[in-house]
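Worksheet: one structure, shown below.
Every number here is computed from the coordinates shown, using simple stated rules; none is lab data. All values derive from a computational prediction rather than experimental measurement. Quick reminder, even Gly has a Cβ in these numbers, built from the backbone with ideal geometry, and neighbours come from all protein chains shown.
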Amino acid sequence: MNSIVNTCVLIVILLLLAAGCYAIWDSGQVYTAADAAQYQIYKPTAENKGLSFNQLRSVNPEVFSWLTVYGTHIDYPVTQGQDNLKYINTDAKGQYSLSGSIFLDAGCGKNFSDFSSIIYGHHMDKDAMFGEIGLFTDKSFFNAHEYGQLYVGGKQHGLEFFAFLHVDAYDTAVYRTKVTEQTDKQAYLDLLMKQAANIRADVTVTTADRIVLLSTCSEDSTNGRDILIGVITDKTYPDTFNTKITDTQSAIPVIGALPGFWAQASLPVKIIMIGLPCLLIVLLAVLIYTKRGRSKKARGTSSCKGVSEHEQDIF
């Protein structure tokens, strides 16, 4: 009897251990899939003349651009779907992924033809996706990271960042996808500059320019959003950062980060995953208690029939 009980307890412990190992492995898979290094072989460069990028587009034609923010790990292909839901959980190759993709708002003109365009990305830690946008809250970091690059239409364009905002996700005045009239463009620029937490005053932006907003979740509130804004230029800028940042994780706000299955699971699923092993343990404890009670009762009956204590121990 004791060996059966021990075996059952061991099985339960192993099941719990397996569940914990799976949760750790699953989270690791999410971050691996989101790592910018996964896409570097497709990055358009002067050397490959965009041939590798075209290979990625042959896999998923909804990839149309490449975004790089110098001095960070933001170095990804950009997608655009028919709505803003697809690429929340679809990678740039068109496959399901919790980390999703960097994607242009479905309401924006393709190839950044609008005055204002919005690019979204998940806020993840471990330097993945748009996890480093939150670093631009720090004024010194903001001032030190002035430039980026945007590949679109078979040509490299420069990005000059001039403002950083913290806004509410439902701020429709900021999250506009169609700003067409000259007066509206100026009013929109004035609004962005007024709400900006950090500004580069030496950058001049006019209604004749095209701007892009890089938006992600913020740690400050449930509906908070961090937005880094840059102006698209025909001039490209050199990447003065010889190597990418290798240790920014401690400074990245982890609120809104995407862990694996465990954190994504609903409350009922978590209750079942925790509750079932606990229920098994309780049932085993009850079974053990009941068996022991029956054993004592049986021993007591045997004793009344004249069975010695030594003989009772054999049973």
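In this simple spin-label model, placing a label point 7 Å from the Cα along the Cα-to-Cβ direction at both residue 54 and residue 209 gives a separation of 3.3 nm.
The alpha carbon gyration tensor of the stretch 35-263 gives principal lengths a ≥ b ≥ c with a/c below 1.5, which makes the shape rounded.
Please sort 71-83, 146-158 by packing, taking for each peptide the average over its residues of neighbouring beta carbons within 10 angstrom, highest first. Intermediate results must be reported in sequence, preceding the final value.
Working: 71-83: 20.4, 146-158: 18.2.
For the peptides 71-83, 146-158, the packing ranking is 71-83, 146-158.
Simple point charges give the picture: +1 on the Cβ of Lys and Arg, -1 on the Cβ of Asp and Glu, and for the stretch 35-263 a dipole about the Cα centre of about 600 debye. Phi angles across the stretch 224-229 convert, under the Karplus curve 6.51 cos²θ - 1.76 cosθ + 1.60 with θ = phi - 60°, into 3J(HN,Hα) values of x, 9, 9, 10, 9, 10 Hz, Gly and Pro given as x. Sorting the segments 118-126, 86-94, 196-204, 36-44 by their residues' average number of neighbouring beta-carbon atoms within 10 angstrom, most packed first, yields 118-126, 86-94, 36-44, 196-204. Here's how it looks for residue 118: its modeled amide H is under 5 Å from those of 105, 213, which are all 5 or more places away or on a different chain. Between the stretch 50-84 and the stretch 91-166, the C-alpha centres lie 11 angstrom from each other.
Give me the percent of DSSP beta bridges within the stretch 35-263 that run antiparallel, rounded to the nearest 5.
85 percent
Given axes a ≥ b ≥ c from the Cα gyration tensor, I'd like to know whether the stretch 35-150 is rounded (a/c under 1.5), prolate (a/b larger than b/c) or oblate. It is rounded, given that a/c, with a ≥ b ≥ c, falls under 1.5.
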